[in-house]
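Okay, so here's the structure we're looking at.
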Amino acid sequence: MHDVIDERLARLGGSLEAAAEVRPPTLVRSRGEEIRSAHRRRVMAVTATSAAVAILGVGSLAFRTGSGHRGGTISPGVSVSSSASAAVAAPSSGATTPSGSTTASAEPVVVIDVKQDTMRVYDKSGQIVKTVPVTAGKPGYPSPVGVFTVKAKQRQATVSSNTIGIDSYSLRIDWVVELDAGGPWLYAMPFFDGTFGKENRTHGHIGMNTESAQWLYDHVAVGDRVQIQ
Amino acid sequence: MTPERDFDEFYLGSVRKVTAQLVAMLGDQGEAEDAVQEAYARAWQRWDSVSRMDDPVSWVRVVAYRIKVSSWRAAVRRTVAHRRHGPPADLPDLSPDTVALVAALRRIPETQRRAIVLYHLAGLTVEQVAAEVGAPAGTVKARLSRGRAALAQVLGEPGVDGVKGRHSYA
């Protein structure tokens, strides 16, 4: 007997497959190597803060980063002109900011268009230096728009989460440019290769290929303006 | 071929299917994805032996399933943190029919659900299902036909014919 339920079950596999979010194999392997080290720390979700985002498929930019950095002086030139979606934005301190690098130019140095999936980088005289295809927040996880300031740069960052319940993830991301005021991070997302310039795939952060991320890392300074539109 | 490439090929070739099956078995996309990732990580951890198995995919699926089951106890505790930091919503990208079916599966007994998923979604034979869940083939057949009947009842849509009918599992 041909049955409706059989058909529905048959279709179910396909649609669940299509919706499955897949992390890049390199991350899975690095996780596997981490298990090897007998010491399994359980990272508190709290310390994850800015972390738990993006590649873990956990959370969105709805919860703001920055609470981990207290003390220090509030960077000058952090005028928050972000739109509604970027919300409240307590100006973060410059705890991770190298001193003397707050020579923010008035005009945005980086303009990211989340609809065109492109990032244009300008020099100080306003000439376009480079256009980079990017991927931004997917539907339901839009990247915050507005003007942000580069808060810090990290050659490599570790993001962690304990969503597994029994173990913690700890993964490395490269060439990270952090924005203030609850803005997204800009970093290398080799695992989303193929979406740059074409499709919005992240949970709010801005991703690009490794080469471009490294280039950006080298070219922007803390204090530079980044406009996301 | 390096072990890394070997593993990556295995992973990329099977992870979507295994994830889909675990979502159907566990009824929660986020949990299933996490369990599956963890299972693959463990496969890499002992890739030497896993890669030589007859059916590494089955190994990963079993491990993922066990990871989830063993973490059930912690689930209540985790729920709070999960809400605060976790995925905003279950099953965000799925069609209503898919969501309804996953929800229906969640309402039938666990052993039946697992058998149904392995047979209907993973496409295993009754014998393969039996080997994977560690039960006799006769038991698996019973779980399949009861599970199917239960599913039909839960779905209970008017116009679904044969809801009471017994499907024969060879």
Next item on the list: Highest first, please rank the peptides A:192-201, B:109-118 by the mean number of other Cβ atoms sitting within 10 Å of their residues.
Entry: B:109-118, A:192-201
Check: Setting aside same-chain residues fewer than 8 positions from A:LYS153, which aspartates and glutamates have a Cα under 18 Å from its Cα?
Finding: A:ASP174, A:GLU178, A:ASP180, A:GLU211, A:ASP218, A:ASP224
Next item on the list: List the relative contact order of region B:8-72 as a percent without decimals, with contacts defined as Cα pairs under 8 Å and 6+ residues apart.
Entry: 36
Check: Shielding of B:4-13 by partners, i.e. mean partner chain Cβ atoms within 10 Å per residue?
Finding: 3
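For the cross-link pairs A:LYS138/B:LYS68; A:LYS115/B:LYS17; A:LYS130/A:LYS151, which exceed 24 Å when the distance is taken from alpha carbon to alpha carbon?
A:LYS138/B:LYS68; A:LYS115/B:LYS17
Bear in mind that the values in this text are calculations on the coordinates, not laboratory data. Just so you know, these numbers come straight off a predicted model, no measurement behind them. Because the Cβ atoms are built from the backbone with ideal geometry, glycine has one as well, and the counts that use them run over all protein chains shown.
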